[in-house]
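J.: I am attaching a structure below and will ask some questions about it afterwards.
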Amino acid sequence: MHRLFIFVFIAATFWITTAAFADVQRGLRNYQEILAGRKRVEQLSPVELQEVLQVHEAVKSQQGGNTGENQFEVVAAVRGCKYFVVEQGVSYSLVEDWLCSRPRRGDTGYGNVNSYGIKEVNLDGSRCSIYVDDWMLSKSRALEKMADKCQ
């Protein structure tokens, strides 16, 4: 009976490890496809999105911890509109300017814009407050949302 228990335990451990390895492989493959532009974030299932985010976090930690991990770039801004789009990692966020000098395309900043809410960030060397209206968007979806807000 004891041997049967050990055999079942080892078999279950191997099966779980194999399944987890397959998930990591799928996450890595999707991550590479997104970076290469062959796949978009919104094409992923919720499970695949979680796998890609886990791979992204692992890549960031391998690149030296906190160095530049929260860097973002303004990729779209419209004069007269308080909304703009930023790219951080593999996704885009729609951001509302609260207490910042008007951002321009190409401006860089530091801070986490990958979740909803009010954020304190550094944008082009100045501390300011922004509101992340939506996040984990594709570039095209973020631009659509900005166009709707800026009408």
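The values are calculated or read from the model by the stated rules, or taken from the named source; none is laboratory data. What you see is a predicted model, and the numbers here were worked out from it, not measured in a lab. No Cβ is skipped: glycine too gets one built from the backbone with ideal geometry, and neighbour counts run over all protein chains shown.
J.: Kindly establish whether Gly27 is modelled with pLDDT of 75 or more, within 17 Å of the chain's Cα centre (by Cα), small (Gly, Ala, Ser) and part of a helix (DSSP H, G or I).
T.: Against the criterion (modelled with pLDDT of 75 or more, within 17 Å of the chain's Cα centre (by Cα), small (Gly, Ala, Ser) and part of a helix (DSSP H, G or I)), Gly27 qualifies.
J.: Residues of the stretch 49-69 being in contact with a Gly (Cβ under 8 Å, 6 or more places away or on another chain) and either of a type in the set (Val, Ile, Thr) or modelled with pLDDT of 85 or more (or both), which ones?
T.: Val52, Val55, listed by residue number.
J.: Just a yes or no: is a residue in the stretch 112-122 modelled with pLDDT of 90 or more, more than 13 Å from Leu143 (Cα to Cα) and hydroxyl-bearing (Ser, Thr, Tyr)?
T.: No, the stretch 112-122 has no match at all.
J.: Check whether at least one residue in the stretch 77-90 is in a helix (DSSP H, G or I) and modelled with pLDDT of 80 or more, and report yes or no.
T.: No, that holds for no residue.
J.: Within the stretch 128-137, is there a residue that is in a strand (DSSP E or B), on the phi < 0 side of the Ramachandran plot, among the acidic types (Asp, Glu) and modelled with pLDDT under 90?
T.: Looking for residues that are in a strand (DSSP E or B), on the phi < 0 side of the Ramachandran plot, among the acidic types (Asp, Glu) and modelled with pLDDT under 90, one finds none in the stretch 128-137, hence no.
J.: If you don't mind, another one. So which residues in the stretch 87-115 are within 19 Å of the chain's Cα centre (by Cα), farther than 25 Å from Arg38 by Cβ and surrounded by 12 or more Cβ atoms within 10 Å (Cβ to Cβ)?
T.: Within the stretch 87-115, Val95, Glu96, Asp107, Thr108, Gly109, Tyr110, Gly111, Asn112 qualify.
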